[in-house]
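What follows is a set of notes on a single structure, which appears directly below.
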Amino acid sequence: MLTGKISYSEIDRVRQLFEQCRNVVIATHSSADGDAIGSSLGLYEYLKKKGKDVRVVVPNYFPDFLKWMKDADQIIQYDRHRAQAKMYIERADLIVCIDLNEPKRMDDLAEPIVQASARKLMIDHHLNPDRFCDVTVSYPSASSACELVFRIIDSIGGLPNLTKAGAEDIYAGMCTDTGKFSFNSNDPDIFIIISELLKKGIDKDKIIRNIYNNYTEGRFRLLGYILSQKLKVLPEYHAAFFTLDRNELGQFSYIKGDTEGVVNMPLEIKGTKLSIFLREDTEKPRILCSLRSVDDFPANKMAAEFFNGGGHLNAAGGNLSCSLDEAVEIIYRALEAYKDMLQA
């Protein structure tokens, strides 16, 4: 039996929203990852089984290795189909903002979502949620947005209406947001949830293969380039970092998702507590920053202080409006500022 992470009052309000709605839009953050897509499609499958008219809208492209999920081909990309997305947003009576804590994480999709007359529900596990929704279910202690989606469905007695496809989506999101359950996954409830998902008939081994054994040849050659040419290991800081510019990405026929998870790899080096990855965005003039850490090192605090970002204790991100060389200088300032914690 799961512990009651979500309050009774929140569950009751979510139940009412789900009972009263007819047309639903589920929206998530820019450059959606496994948890964003998994939680969105998991809730989509549940509400669709309940007879609701449901659409999932994402700000932009999401990785190819997530497109095996049932109905992933029905997801609407706002940057490519604005008129269609706006039509569904305007007619919605419920909008669910999932795996995001503030509107700006939706980029251009934020404006029509915030201005919509529909009631709004947030389901998220990031710190400091912006209270722009009518109902906010925010628990940073949760492993993933997918975990919260499952808890909500379970708490309102909805497990019979969670389809196998929905269970696959939720498992995929939980798996990716915990690095195959290698971090932020010590809560025994996580494995109770997995057992319930397995009862739906999911093949967890196949899901993992679909996610992690489904990359392009270019990704593997890019990975070799990163490890042999780009990785900078700094033993004095117990840290490592690497950078990629647009030209380097182009050499390996980069597509969205090809660098997914690579920032975790330097943490396999003995004694390394922090890994940082800086990448020039291929769409906007900015530097995308990813931080991963182990134990109690606060990657989220470093991201907030130096990289205009935030996130979780061991997994955070941000972005910088500067050159790649200037961004590297910021890395060294950040490492020096947190030197005592890194050396502890």
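Checked against (1) modelled with pLDDT of 95 or more; (2) surrounded by 15 or more Cβ atoms within 10 Å (Cβ to Cβ), GLU236 meets all criteria but (2).
Of ILE11, ILE26, ILE37, ILE6, which residue is among the β-branched types (Val, Ile, Thr), assigned to a loop (DSSP other than H, G, I, E, B) and either within 29 Å of PHE181 (Cα to Cα) or at pLDDT 95 or above (or both)?
Details: ILE11 fails: assigned to a loop (DSSP other than H, G, I, E, B); ILE26 fails: assigned to a loop (DSSP other than H, G, I, E, B); ILE37 fails: assigned to a loop (DSSP other than H, G, I, E, B).
On inspection, the qualifying residue turns out to be ILE6.
Restricting to helices (runs of 4 or more DSSP H) lying wholly in the range 89-190: which have 2 or more residues that are open to solvent by less than 10 Å² (accessible area, probe 1.4 Å)?
Fully inside the range 89-190 and qualifying: 145-155, 164-177.
Tally the residues that are assigned to a helix (DSSP H, G or I) and either without any contact (Cβ under 8 Å) to a residue 12 or more places away in the chain or not small (Gly, Ala, Ser) (or both), restricting the search to the range 317-344. Walk me through it before giving the result.
Step one: list which residues in the range 317-344 are assigned to a helix (DSSP H, G or I), which gives 324-337, 339-343.
If we keep only those that are either without any contact (Cβ under 8 Å) to a residue 12 or more places away in the chain or not small (Gly, Ala, Ser) (or both) too, we end up with 324-326, 328-333, 335-336, 339-343.
So the answer is 16.
Of the set (1) farther than 25 Å from GLY218 by Cβ; (2) open to solvent by less than 20 Å² (accessible area, probe 1.4 Å), all apply to ARG333 but (2). Would you confirm whether any residue within the range 251-260 is open to solvent by 20 Å² or more (accessible area, probe 1.4 Å), over 20 Å from HIS29 (Cβ atoms) and basic (Lys, Arg)? No, because not a single residue in the range 251-260 is open to solvent by 20 Å² or more (accessible area, probe 1.4 Å), over 20 Å from HIS29 (Cβ atoms) and basic (Lys, Arg).
Scanning the range 22-47 for residues that are surrounded by fewer than 24 Cβ atoms within 10 Å (Cβ to Cβ) and closer than 15 Å to TYR88 by Cα gives ARG22, ASN23. Of all residues in the range 220-230, at least one satisfies being modelled with pLDDT under 95, open to solvent by 50 Å² or more (accessible area, probe 1.4 Å) and either under 24 Å from GLU326 (Cα atoms) or within 25 Å of the chain's Cα centre (by Cα) (or both).
Residue pairs whose Cβ atoms lie under 7 Å apart, separated by 6 or more positions or on different chains, with the first residue in the range 60-71 and closer than 13 Å to ASP33 by Cβ and in contact (Cβ under 8 Å) with a residue 12 or more places away in the chain and the second open to solvent by 60 Å² or more (accessible area, probe 1.4 Å) and part of a loop (DSSP other than H, G, I, E, B), are ASN60/ASP79; PRO63/GLU260; PHE65/ASN214.
If the condition is being farther than 18 Å from THR163 by Cα and in contact with a helix residue (DSSP H, G or I) (Cβ under 6 Å, 6 or more places away or on another chain), then the range 25-61 contributes VAL25, ALA27, THR28, HIS29, SER30, GLY34, VAL57, PRO59. List the pairs whose first member sits in the range 114-133 and is within 20 Å of LEU41 (Cβ to Cβ), whose second member is of a type in the set (Phe, Trp, Tyr) and surrounded by fewer than 17 Cβ atoms within 10 Å (Cβ to Cβ), and whose Cβ atoms are under 8 Å apart, counting only residues at least 6 apart or on separate chains? Between residues of the range 114-133 that are within 20 Å of LEU41 (Cβ to Cβ) and residues that are of a type in the set (Phe, Trp, Tyr) and surrounded by fewer than 17 Cβ atoms within 10 Å (Cβ to Cβ), the close pairs are LYS120/PHE132; MET122/PHE132.
LYS270 meets each of the listed conditions (1) charged (D, E, K, R); (2) within 21 Å of ASP296 (Cβ to Cβ); (3) in contact (Cβ under 8 Å) with a residue 12 or more places away in the chain apart from (3).
Here LEU198 passes the criteria (1) assigned to a helix (DSSP H, G or I); (2) touching a Lys or Arg at 6+ places or on another chain (Cβ under 9 Å); (3) open to solvent by less than 70 Å² (accessible area, probe 1.4 Å) except the one numbered (3). Only residues that are closer than 20 Å to PRO266 by Cα and touching a Leu at 6+ places or on another chain (Cβ under 9 Å) were counted across the range 152-182, and they come to 1. Residue pairs, Cβ under 9 Å, 6 or more apart or interchain, first in the range 212-236 and assigned to a strand (DSSP E or B), second open to solvent by 80 Å² or more (accessible area, probe 1.4 Å) and among the hydroxyl-bearing types (Ser, Thr, Tyr). List them. Between residues of the range 212-236 that are assigned to a strand (DSSP E or B) and residues that are open to solvent by 80 Å² or more (accessible area, probe 1.4 Å) and among the hydroxyl-bearing types (Ser, Thr, Tyr), the close pairs are LEU234/TYR332.
The values are calculated or read from the model by the stated rules, or taken from the named source; none is laboratory data. Everything quoted here is computed from the prediction, not taken from an experiment. Quick reminder, even Gly has a Cβ in these numbers, built from the backbone with ideal geometry, and neighbours come from all protein chains shown. Accessible surface areas use protein heavy atoms only, side chains included; no ligands, DNA or RNA. Shrake-Rupley method; radii C 1.70, N 1.55, O 1.52, S 1.80 Å.
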